[in-house]
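All remarks here apply to the structure that follows.
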Amino acid sequence: MAKSGPIVIVEDDIDDQEIITDLLQELKVANKLVFFFKCTDAYHYLKASAQQPFVILCDINLPGMNGLDFKRQIDDDQELRQKSIPFIFFSTSDDKRIVIEAFTEMTVQGYFKKSSSIPELKKVLSVIIDYWKLSKHPNSD
């Protein structure tokens with residue numbers, strides 16, 4: 001995994017996009033942030049980009065294809081599976097059935113509930129970024 005690769009964020013709420021951007025800047029995350037409102041656009045980006053993303057942060061409830069179906073599409077694509085891009089669900093939804101489905105039916109590396117508390121949201125983002133900076137990975141630099 002390219003530690004300097006872009007962070008791909010699939011989030012349809014512009015306010016959440018702005019908050020995530022501000023918090024990652026406060027955390028001094030140097031990675032480029034690439035936002036998508038729709039999973040289909042993010043999928044096309046992943047297919048077309050030669051860059052190895054650092055991590056994907058994806059909401060669950062999105063227009064058109066939802067986050068679960070997006071992850072299934074990535075898992076079904078041999079080329080994208082080989083990239084082994086860390087995939088984190090980052091959603092206001094914490095429905096137990098969805099969490100179980102995410103971990104038992106696909107290869108996700110995390111599921112975090114978006115907090116309405118800015119300090120808590122910052123802490124979660126910090127933990128996610130720090131973890132993947134330290135983690136060994138098939139595509140580590």
Exercise. Taking the stated definitions as given, is GLU18 modelled with pLDDT of 95 or more and either farther than 19 Å from PRO138 by Cα or in contact with a Cys (Cβ under 7 Å, 6 or more places away or on another chain) (or both)?
Worked result: yes
For this session: Identify all residues within the range 1-32 that are in contact with a Leu (Cβ under 8 Å, 6 or more places away or on another chain) and under 14 Å from SER49 (Cα atoms); write none if there are none.
Result: PRO6, ILE7, VAL8
For this session: Could you please let me know if GLY64 is surrounded by 15 or more Cβ atoms within 10 Å (Cβ to Cβ) and small (Gly, Ala, Ser)?
Result: no
Seminar exercise, completed: Note on the range 102-127: residues surrounded by 18 or more Cβ atoms within 10 Å (Cβ to Cβ), closer than 18 Å to ASN31 by Cβ, free of Cβ contacts under 8 Å to residues at least 60 places away in the same chain and not polar (S, T, N, Q) are GLY110, VAL124
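Conditions tested, residue by residue: (1) of a type in the set (A, V, I, L, M); (2) in contact with a strand residue (DSSP E or B) (Cβ under 8 Å, 6 or more places away or on another chain); (3) crowded, with 19+ Cβ neighbours inside 10 Å; (4) at pLDDT 95 or above.
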{"site": "LEU33", "(1), (2), (3), (4)": "yes, yes, no, yes"}
{"site": "LYS38", "(1), (2), (3), (4)": "no, yes, no, yes"}
{"site": "CYS58", "(1), (2), (3), (4)": "no, yes, yes, yes"}
{"site": "ILE85", "(1), (2), (3), (4)": "yes, yes, yes, no"}
{"site": "ASP94", "(1), (2), (3), (4)": "no, yes, no, no"}
{"site": "ILE100", "(1), (2), (3), (4)": "yes, no, no, no"}
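The values are calculated or read from the model by the stated rules, or taken from the named source; none is laboratory data. Computed from a predicted structure; not experimentally measured. Note that we place each Cβ from the backbone using ideal geometry, even for glycine, and neighbour counts take in every protein chain shown.
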